[in-house]
Amino acid sequence: YEDFAKELFVVTYSTDELVSYKNLIFKQDERQLLHFGINSLKKDAFLETASGISSDINQGYAMMREGSITGLSTSLNVEKTNTERLEIIIYINEKPFYFRNMIDTTKTGKHTAYSLQSSGVVTFLPGDTISVYASGANGATIKNILTTLEITTLG
């Protein structure tokens, strides 16, 4: 016990943003971006991953850490309109979440949307898969859909 007590070393640190200092690493949330997209959309479909692989209800990015979805942004070009709105829906495993982008497709041209969400609301675990679905495209022609999903993981 005496030998252990002689070598005990305690560090205390307090700040709103913890960072690393020399060899000490402090816990902080890490933000990462997942990219989805598709060149052309005429009917509802899951978007492709950044590597060009189509996602689906069971196939998407596999999470390596526990975390939360904290942001969603979409940019697209409507070439042929319809009477609906396009919804960009996040799926974790087979479950859709109501944190989504909604874009008016009744007017042609470039459209953008973004949404932010507090950490801890839409959560995932290691091994969960995340995919993105575009709903409401039927009858429209939508080009160059670019969707970025921000995730926050615990360092």
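The values are calculated or read from the model by the stated rules, or taken from the named source; none is laboratory data. Every value quoted in this text rests on a predicted model; they were computed, and no experiment measured them. Cβ coordinates were reconstructed from backbone atoms using ideal geometry, including for glycine residues, and neighbour counts include every protein chain displayed. We work out accessible area using only protein heavy atoms, side chains counted, and drop any ligands, DNA or RNA first. Shrake-Rupley method; radii C 1.70, N 1.55, O 1.52, S 1.80 Å.
Among ILE53, ILE25, which is over 21 Å from the mean Cα position of the chain (by Cα) and modelled with pLDDT under 95?
Going through ILE53, ILE25 in turn, the sole match is ILE25.
What residue, among those in the range 42-63 that are touching a residue at least 24 places away in the same chain (Cβ under 8 Å) and of a type in the set (Ser, Thr, Tyr), is least open to solvent (accessible area, probe 1.4 Å)?
Here the answer is SER55.
Go through the range 42-63 and count every residue that is farther than 27 Å from PRO126 by Cβ and assigned to a strand (DSSP E or B).
Result for the range 42-63: 1.
Condition test on GLU94, is it at pLDDT 95 or above and surrounded by fewer than 18 Cβ atoms within 10 Å (Cβ to Cβ)?
It is false that GLU94 is at pLDDT 95 or above and surrounded by fewer than 18 Cβ atoms within 10 Å (Cβ to Cβ).
Out of all the residues in the range 100-109, which are touching a Leu at 6+ places or on another chain (Cβ under 9 Å) and surrounded by fewer than 17 Cβ atoms within 10 Å (Cβ to Cβ)?
Answer for the range 100-109, where residues must be touching a Leu at 6+ places or on another chain (Cβ under 9 Å) and surrounded by fewer than 17 Cβ atoms within 10 Å (Cβ to Cβ): MET102, ASP104.
Out of the range 99-120, which residues are farther than 19 Å from LEU76 by Cα and within 13 Å of the chain's Cα centre (by Cα)?
The answer is GLN117, SER118, SER119.
Quick one: ASN39 ticks every box in (1) open to solvent by 20 Å² or more (accessible area, probe 1.4 Å); (2) part of a loop (DSSP other than H, G, I, E, B) bar one, so which box is it?
(2)
Residues are listed down the side, and each one gets a yes or a no for (1) open to solvent by 20 Å² or more (accessible area, probe 1.4 Å); (2) part of a strand (DSSP E or B); (3) modelled with pLDDT under 95:
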site	(1), (2), (3)
ARG65	yes, no, yes
LEU72	no, yes, no
SER75	yes, yes, no
VAL78	no, yes, no
THR83	yes, no, yes
HIS111	yes, yes, no
TYR114	yes, yes, no
SER118	yes, no, yes
GLY127	yes, no, no
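Name the pairs: first residue in the range 119-141 and more than 19 Å from GLY109 (Cβ to Cβ), second residue open to solvent by less than 30 Å² (accessible area, probe 1.4 Å) and of a type in the set (Phe, Trp, Tyr), Cβ to Cβ under 9 Å, at least 6 apart or on different chains?
Listed by first residue and then by second, the contacts come to VAL121/PHE99; VAL122/PHE99; ILE130/PHE124; SER131/PHE36; VAL132/PHE36.
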